[in-house]
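Undergrad: This structure is in structure tokens; I'll ask about it shortly.
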Amino acid sequence: MTPYNLVNLSALMGMEAIALTDHNSCMNCGAAMRAGAEAGITVIPGMELCTSEEVHVVCLFEELKAAEEFSDYVLSTMPPIKNRPEIFGTQLIMDETDKVLGSQDILLTAASGISIGSVEKLVDGYGGVCYPAHIDRSSYSVISNLGMITEEMGFEVAEVSPMGNVDDLIEKHPILGRMKILTSSDAHRLDALPPANLSLHTDNNIKSIIRHLKNR
Amino acid sequence: MTVQNLIDDFSLEVLCGGADAAQKEVTGGYCGDLLSWVMSKAQEGDCWLTVMGNVNSIGVAVMTDVACILLTENAAFDEDAKLRAEQNGVIVLRSSENAFDLAVKIAEKL
């Protein structure tokens, strides 16, 4: 999955907007956004943050610069564990034509030092919105790791994977009934990209999408 | 003690891993489910007690050179984790007991 391929295949599959959310990094967002401008598709800069509780949280930003600053901050909180490419694969940084510019040596699959209780305010400060990812899954989700979602976490949105049963989840966790529920592909490979399947009733630009998700 | 001694003494279920891996020496133990903690704290030769039976657990076991993964309380072991464990020669065991009870018993034998 590389910036040029991701963006252009998404456009071919009929998507009007996508978000690139690498694990604990926004370093490929600029490339994807530039490829998106060429292909005529909105690319939202984002990250799938791994909190200190190993809960995945999707973070989306209005501005690339803020996303990259957030990315630097996240990196500064990561444990200094080096990636082992033979186990986890290489962590490439590319340009908009998929040319390799470099790689990240710090292991991005490790947890950041940012806690679930602080992430919403932190991301808001960078002009972004964030929400717990794939809350129905048995690993790396707020419900599997912490057992619940609380008001204090401050989330307005939650993401459910395509296999999740939203009605069941709301019954077990009534707070979800007051939140916006998104279903995302969470595609990690090109062949896992689904056809366009989520409609947000808002203008197709990054600012409008983020504000729509923030209910502002 | 070896991993094989551990299997025999505590009647552990062997989910994955061959005779070679079972000859590894167990020199200590570590209990933990947050992979980032395990990654930076577990020591080579440890018996790692956890409920995390996903593919990333195998990566962590390879990185830390633990002697084995011991899934506690009959925790689930994913198919893709099994595949990865086989590729990397990681031995994965399972018990119905919880981490505390197992750790106490294993510590007595070390």
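Undergrad: Return the only residue of A:129, A:100 being modelled with pLDDT of 95 or more and either open to solvent by less than 30 Å² (accessible area, probe 1.4 Å) or in contact with a helix residue (DSSP H, G or I) (Cβ under 7 Å, 6 or more places away or on another chain) (or both). Give the steps one after another, and end with the answer.
TA: On the way: A:100 fails: either open to solvent by less than 30 Å² (accessible area, probe 1.4 Å) or in contact with a helix residue (DSSP H, G or I) (Cβ under 7 Å, 6 or more places away or on another chain) (or both).
None of the others qualify; the one that does is A:129.
Undergrad: Among the residues of the stretch A:140-152, is any touching a strand residue (DSSP E or B) at 6+ places or on another chain (Cβ under 9 Å), of a type outside the set (Asp, Glu) and exposed (fewer than 15 other Cβ atoms within 10 Å of the Cβ)?
TA: In the first step, residues of the stretch A:140-152 are kept if they are touching a strand residue (DSSP E or B) at 6+ places or on another chain (Cβ under 9 Å); the result is A:140-143, A:149.
Cutting the leftovers down to of a type outside the set (Asp, Glu) gives us A:140-143, A:149.
The next check asks that each one be exposed (fewer than 15 other Cβ atoms within 10 Å of the Cβ); those that pass are none.
Within the stretch A:140-152 (the criterion being touching a strand residue (DSSP E or B) at 6+ places or on another chain (Cβ under 9 Å), of a type outside the set (Asp, Glu) and exposed (fewer than 15 other Cβ atoms within 10 Å of the Cβ)), the answer is no, since none of the residues qualifies.
Undergrad: Those residues that are on the phi < 0 side of the Ramachandran plot and either within 14 Å of chain B (Cβ to nearest Cβ) or assigned to a loop (DSSP other than H, G, I, E, B) (or both), I need them from the stretch A:49-64; list them, please.
TA: Of everything in the stretch A:49-64, those that are on the phi < 0 side of the Ramachandran plot and either within 14 Å of chain B (Cβ to nearest Cβ) or assigned to a loop (DSSP other than H, G, I, E, B) (or both) turn out to be A:49, A:50, A:51, A:52, A:53, A:55, A:56, A:62, A:63.
Undergrad: A further question on this structure: Failed condition for residue A:74, given (1) in contact with a Gly (Cβ under 9 Å, 6 or more places away or on another chain); (2) under 21 Å from residue A:214 (Cα atoms); (3) crowded, with 18+ Cβ neighbours inside 10 Å, with all others met?
TA: In the conditions (1) in contact with a Gly (Cβ under 9 Å, 6 or more places away or on another chain); (2) under 21 Å from residue A:214 (Cα atoms); (3) crowded, with 18+ Cβ neighbours inside 10 Å, residue A:74 misses (2) alone.
Undergrad: State whether one or more residues within the stretch A:17-31 are on the phi > 0 side of the Ramachandran plot and either out of contact with any Cys (no Cβ under 7 Å at 6 or more places or on another chain) or surrounded by 19 or more Cβ atoms within 10 Å (Cβ to Cβ) (or both).
TA: Of the stretch A:17-31, the ones on the phi > 0 side of the Ramachandran plot are A:24.
If we keep only those that are either out of contact with any Cys (no Cβ under 7 Å at 6 or more places or on another chain) or surrounded by 19 or more Cβ atoms within 10 Å (Cβ to Cβ) (or both) too, we end up with A:24.
Within the stretch A:17-31 (the criterion being on the phi > 0 side of the Ramachandran plot and either out of contact with any Cys (no Cβ under 7 Å at 6 or more places or on another chain) or surrounded by 19 or more Cβ atoms within 10 Å (Cβ to Cβ) (or both)), the answer is yes, since at least one residue qualifies.
Undergrad: Something else: Residues that are modelled with pLDDT of 95 or more, in a helix (DSSP H, G or I) and either over 11 Å from the mean Cα position of the chain (by Cα) or within 14 Å of another protein chain (Cβ to nearest Cβ) (or both): does the stretch A:39-46 have at least one?
TA: Taking the stretch A:39-46 as the starting set, the residues that turn out to be modelled with pLDDT of 95 or more are A:39-46.
Cutting the leftovers down to in a helix (DSSP H, G or I) gives us A:39.
Checking which are either over 11 Å from the mean Cα position of the chain (by Cα) or within 14 Å of another protein chain (Cβ to nearest Cβ) (or both) leaves us with A:39.
The answer is yes, given that some residue of the stretch A:39-46 is modelled with pLDDT of 95 or more, in a helix (DSSP H, G or I) and either over 11 Å from the mean Cα position of the chain (by Cα) or within 14 Å of another protein chain (Cβ to nearest Cβ) (or both).
Undergrad: Which one of these does residue A:90 not meet: (1) touching a residue at least 24 places away in the same chain (Cβ under 8 Å); (2) among the β-branched types (Val, Ile, Thr); (3) open to solvent by 60 Å² or more (accessible area, probe 1.4 Å)?
TA: (1) is the only condition that residue A:90 fails.
Undergrad: Residue B:63 is checked against (1) touching a residue at least 24 places away in the same chain (Cβ under 8 Å); (2) more than 14 Å from chain A (Cβ to nearest Cβ); (3) of a type in the set (A, V, I, L, M) and fails just one. What number does that condition carry?
TA: Of everything listed in (1) touching a residue at least 24 places away in the same chain (Cβ under 8 Å); (2) more than 14 Å from chain A (Cβ to nearest Cβ); (3) of a type in the set (A, V, I, L, M), residue B:63 misses just condition (2).
Undergrad: If you scan the stretch B:58-78, which residues turn out to be aliphatic (A, V, I, L, M) and in contact with a strand residue (DSSP E or B) (Cβ under 9 Å, 6 or more places away or on another chain)? Lay out the reasoning, then the answer.
TA: Restricting attention to the stretch B:58-78, the residues satisfying the condition of being aliphatic (A, V, I, L, M) are B:58, B:60-63, B:66-67, B:69-71, B:75-76.
Of everything in the stretch B:58-78, those that are aliphatic (A, V, I, L, M) and in contact with a strand residue (DSSP E or B) (Cβ under 9 Å, 6 or more places away or on another chain) turn out to be B:58, B:60, B:61, B:66, B:67, B:69, B:70, B:71, B:75.
Undergrad: Same structure, new question: Could you run through the stretch A:132-159 and say how many residues are at pLDDT below 95, out of contact with any Pro (no Cβ under 9 Å at 6 or more places or on another chain) and aliphatic (A, V, I, L, M)?
TA: 2
Undergrad: With the requirement that a residue be out of contact with any strand residue (DSSP E or B) (no Cβ under 8 Å at 6 or more places or on another chain) and more than 16 Å from residue A:172 (Cβ to Cβ), what does the stretch A:125-139 give you?
TA: Initial filter on the stretch A:125-139 (out of contact with any strand residue (DSSP E or B) (no Cβ under 8 Å at 6 or more places or on another chain)): A:125, A:137-139.
Hits for the stretch A:125-139 are A:125, A:139.
Undergrad: Ok, one more. I need a count of the residues in the stretch B:7-41 that are away from chain A (no Cβ under 12 Å), in contact with a strand residue (DSSP E or B) (Cβ under 8 Å, 6 or more places away or on another chain) and not polar (S, T, N, Q).
TA: To start, the set of residues in the stretch B:7-41 that are away from chain A (no Cβ under 12 Å) comprises B:7-31.
With the extra rule that they be in contact with a strand residue (DSSP E or B) (Cβ under 8 Å, 6 or more places away or on another chain), the set shrinks to B:7, B:12-17, B:21-31.
With the extra rule that they be not polar (S, T, N, Q), the set shrinks to B:7, B:12-17, B:21-22, B:24-26, B:28-31.
Going through the stretch B:7-41 one residue at a time, the tally reaches 16.
Undergrad: Only one of (1) within 15 Å of the chain's Cα centre (by Cα); (2) among the hydroxyl-bearing types (Ser, Thr, Tyr); (3) over 16 Å from residue A:43 (Cβ atoms) fails for residue A:199. Which number is that?
TA: Of the numbered conditions (1) within 15 Å of the chain's Cα centre (by Cα); (2) among the hydroxyl-bearing types (Ser, Thr, Tyr); (3) over 16 Å from residue A:43 (Cβ atoms), the odd one out for residue A:199 is (1).
The values are calculated or read from the model by the stated rules, or taken from the named source; none is laboratory data. If you're wondering where the values come from, they're calculated on a predicted model, not measured in any experiment. Quick reminder, even Gly has a Cβ in these numbers, built from the backbone with ideal geometry, and neighbours come from all protein chains shown. SASA here: full protein model, heavy atoms, side chains in, ligands and nucleic acids out. Shrake-Rupley method; radii C 1.70, N 1.55, O 1.52, S 1.80 Å.
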